[in-house]
Structure formats: structure tokens, C-alpha cells
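Reading through the C-alpha cells given below for one structure.
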Amino acid sequence: MSIAPEFDVEGALSRLGGDQRLLCRLLDRSREDLEGALAKPCDLALSSLMAASLHRLRGGALGLGASGAVRELEMAESALQHSDAVEVQAHLQGALDSVRRYRARLSPPAEPEQPLHS
């Protein structure tokens with residue numbers, strides 16, 4: 001079984017009409033979202049909310065071609081189902097690290113004067 005590459009830049013750019021600056025800005029947003037998720041304690045009593053958040057983060061990473069982050073977020077979802085808060089946090093950190101590596105590979109900086117719409 002082969003493992004998919006950590007990043008699918010071509011696929012992401014295809015979905016974004018070839019706009020590499022937009023991809024960079026979206027990766028920056030994804031990084032911020034992952035940092036925010038990591039900043040919150042993993043409260044297993046709120047597992048349904050956390051599951052929804054992980055699912056949303058995974059869907060965003062999938063659309064950006066962040067295959068490594070997708071794998072980490074899938075493992076975080078699995079850890080959540082097994083009530084393993086330590087593993088959830090570890091896989092969130094892995095996803096964040098993967099997104100940071102992806103963003104570092106792309107050359108153009110994000111342009112702050114063009115905010116994304118939430």
C-alpha cells in the first residue's frame with residue numbers, strides 16, 4: 001500500500017483556479033484555525049462539538065490538498081472516539097505541523113489587505 005504525498009499542490013491549485021496567493025491565504029487561515037483548536041483544552045465532555053470541529057478542519061484541509069493534515073485529523077477523530085485526549089492533541093499538533101510545512105513550500109506571501117470572507 002502506498003501512502004499519498006503530504007501535499008497535493010496541483011490538485012489544490014486546480015480547485016482554486018490556479019491562484020497560488022489564494023492557496024497561501026487559505027493555508028494561513030487553516031494554520032490559525034488549528035492553532036486555535038490546540039489552544040483549547042480537549043474537553044471530552046464536549047466530544048460532539050469537538051468532533052464537529054475536527055470534521056470541519058479535516059474538510060478544509062482536504063480541499064487545500066493538505067493530505068498529511070487530513071491523515072492527522074482522521075487520527076484525531078479516531079482518538080476522540082476512543083476518549084483519548086492526549087492523542088487528539090498530538091494529532092492536532094501533527095496536522096498543524098503539516099500545514100506549516102505545506103505553507104513554507106509555497107513562495108508568495110499572503111496579502112493581508114485582501115481579507116477572506118468567513
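Within 14 Å, Cβ to Cβ, of residue 101, how many net charges do the neighbouring residues add up to if Lys/Arg are +1 and Asp/Glu are -1?
Neighbour charge sum, excluding residue 101 itself: 0.
For the chain, take the longest principal axis of its alpha carbons; what is the angle in degrees between that and the long axis of helix 67-81, to the nearest 10 within 0 to 90?
The answer is roughly 20 degrees.
What does the charge add up to near residue 32, with Lys and Arg as +1, Asp and Glu as -1, over the other residues with Cβ less than 12 Å from its Cβ?
Here the count lands on +2.
So what's the angle, to the nearest 10 degrees on a 0 to 90 scale, between helix 20-39 and the longest Cα principal axis of the chain?
20 degrees
When only Cα pairs under 8 Å and 6 or more residues apart are kept, what is the percent relative contact order across the chain?
36 percent
Determine the sum of side-chain charges near residue 53: Lys and Arg each +1, Asp and Glu each -1, restricted to other residues whose C-beta is under 11 angstrom from that of residue 53.
+1
Do the sum for the chain: with -39,500 (n - 2.57) for every DSSP H run of n ≥ 4, divided by all residues, what is the mean residue ellipticity at 222 nm, to the nearest 500 deg cm²/dmol?
Value at 222 nm, helices only: -22500 deg cm²/dmol.
Please tell me the relative contact order of segment 43-108 in percent, rounded to the nearest whole number, where contacts are Cα pairs under 8 Å and at least six residues apart.
31 percent
Could you give the angle, 0 to 90 degrees to the nearest 10, between helix 47-63's Cα long axis and the longest principal axis of the Cα atoms of the chain?
20 degrees
Run the dipole for the chain about the Cα centre, Lys and Arg Cβ at +1, Asp and Glu Cβ at -1, nothing else charged, and hand back the magnitude in debye, nearest 20.
220 debye
Here, each number is a calculation from the coordinates, and none is a lab measurement. Remember, predicted model here, so these are calculated numbers, not experimental data. Reconstructed Cβ throughout: ideal geometry from the backbone, glycine too, with neighbour counts over all protein chains shown.
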